[in-house]
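All of the numbers you see were taken from the coordinates with simple rules; none came from a lab. Everything numeric in this text was worked out from a predicted model, so none of it was measured. All Cβ positions, glycine included, derive from the backbone under ideal geometry; neighbour counts span all protein chains shown.
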Amino acid sequence: MNNGKLGGLSLKLVVPAIAFAMALPAHGTMVTYSTTGSFSASGGGSSAVFTLGANNATLSFNGVTNATVNASPMTFASAGSIQVQTASTTGVPLGGTFTLGISQTAPSSNSGSLLGNLTGTVTFSSSSGDLEFTSTALTLGDVTYTLLAPGGGYELVPPTTNNGVTTLEMMLAVNNPVPEPTFFALTGFGFAGMGLLVFRRFRKSV
Amino acid sequence: MIPRVLIKFALPAAALAAIVLPAQATTVNYSTTGVITCAGCTGSGTDSVTFGPLTMTYIPIAAGTVNANPTTNASAGEIRITDTSTANTPINGTFALSINQTAPSAGSGPLDSGTLTGSLASNNSTAILTFTDSTLNLGGIEYQLDSFSFGTSYVLVPPSSGGITSLEMNVTSTLPEPTFMALTAFGFAGMGVVAFRRRRRA
């Protein structure tokens, strides 16, 4: 009797349930974040002018706005880019610090920052500009952001190549992955099926 | 005799060379090309390939000009990803990067070859491009990829966070400076004059 019932139950409930769960979209931990940048040379602005006599060079940070990535268990992502602009033929020295701010709105609301040092010089056609971070990892809630900075730091290119744009890459990883909906669905169906069996046995025994 | 030659010829020549000659500026004009080769994709052998919903495109440097004195950072182009699916698409293949130089001398050659591995979706990426970290010397100008994300790899970012990864390199001049060549020439000329006068007197 039980085998018959269980077999029927399997066909009527469990198999469609598994099919439904399989049809659920693949899911991970969606992380939504934005980045900001501030140069100490400009008093905290996202763009700074460095000068040497009558020569000057401008560095601008272009952040990422409300980017959503699936970080379960990890993903590469952009932290933004820095653009060098100058018409100077004389090397303009860079200096001071650059603070990369990361503001996370999902899966939890948090924010933090990473500090870097600017060194080197730039002209319109040459650059030894370098941005090296003192710390490359930042954890916001369950998500760790790790800047994938090269050993010597991000190398800034001059305006005559790629319009002076250098991209900053990072890695996002979830420390305590949230169980996927598929897991919840299958577990729920499992418990529901067990409950149904117990209920039927209990009703027959009464 | 020798001191007089130095005073009359060599010293003014050296001073002239040091003051009048401009600081060395090795202007390098270059462009880049990239070819992606992959199995199971469309467009293999070009700079833009498609893996199902995913398109990977190399954006070359069409006309880069840098002053390699003696070295400078420079761009080797960008890789851009577009993807319409949140499902991960595995990628595999190779990426060959070449340099075409028009100044200070003309030449071209393969800079480096990379291997594409990992997977990409519209909002996720585990894809990396791993190079061999080789160098290319074109007439005394040396090119080498640099600024790797880790090891000798660049990471590719998904479209939802921009989808653009820039490739940086170092361009280094190993050519001797004009001042060096001028001083050397003046030195040999001065020695020649001295030898000539001595022989005439003898």
>> So, R0 is 35 Å and r is the distance between the beta-carbons of residue A:137 and residue B:44; what FRET efficiency does that work out to, to 0.05?
In response: 0.40
> Assuming R0 = 22 Å, what is the FRET efficiency of residue B:113 and residue A:66, from their Cβ-Cβ distance, to the nearest 0.05?
Replying inline: 0.05
> Taking the simple approach of a point 7 Å from Cα along Cα-to-Cβ for both residue B:82 and residue A:52, what is their distance in nm?
Replying inline: 4.1
> What order do you get for A:142, B:112 when you list them from fewest to most C-beta neighbours inside 10 Å?
Replying inline: A:142, B:112
> Relative contact order for the range A:118-180: what is it in percent, counting Cα pairs under 8 Å that are at least 6 residues apart?
Replying inline: 32
>> Show me, for the range A:82-95, the HN-Hα J-couplings you get by feeding each phi into the Karplus relation (A = 6.51, B = -1.76, C = 1.60, θ = phi - 60°), rounded to Hz, glycine and proline as x.
In response: 10, 10, 9, 10, 6, 10, 6, 9, 9, x, 9, x, 8, x
> In what order do B:155, B:193 fall by count of nearby beta-carbon atoms within 10 Å, going from fewest to most?
Replying inline: B:193, B:155
>> Let me check I've understood the local charge: for residue B:159, count other residues with C-beta under 13 angstrom from its C-beta, Lys and Arg +1, Asp and Glu -1. What total comes out?
In response: 0
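In debye, nearest 20, what is the charge dipole magnitude of the range B:27-175 about its Cα centre with +1 on Lys and Arg Cβ and -1 on Asp and Glu Cβ, if you could check?
Magnitude of the dipole: close to 160 debye.
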> Per residue of B:162-171, what is the mean number of Cβ atoms on other protein chains within 10 angstrom of that residue's Cβ?
Replying inline: 5
>> At a 10 Å Cβ-Cβ cut-off, how would you order A:200, B:201, fewest neighbours first?
In response: B:201, A:200
> By its C-alpha gyration tensor, with a ≥ b ≥ c as the square roots of the eigenvalues, how is the range B:16-110 shaped: rounded for a/c under 1.5, else prolate for a/b larger than b/c, else oblate?
Replying inline: prolate
> Which whole-number percentage describes the relative contact order of the range B:27-175, with Cα contacts under 8 Å and a sequence gap of 6 or more?
Replying inline: 24
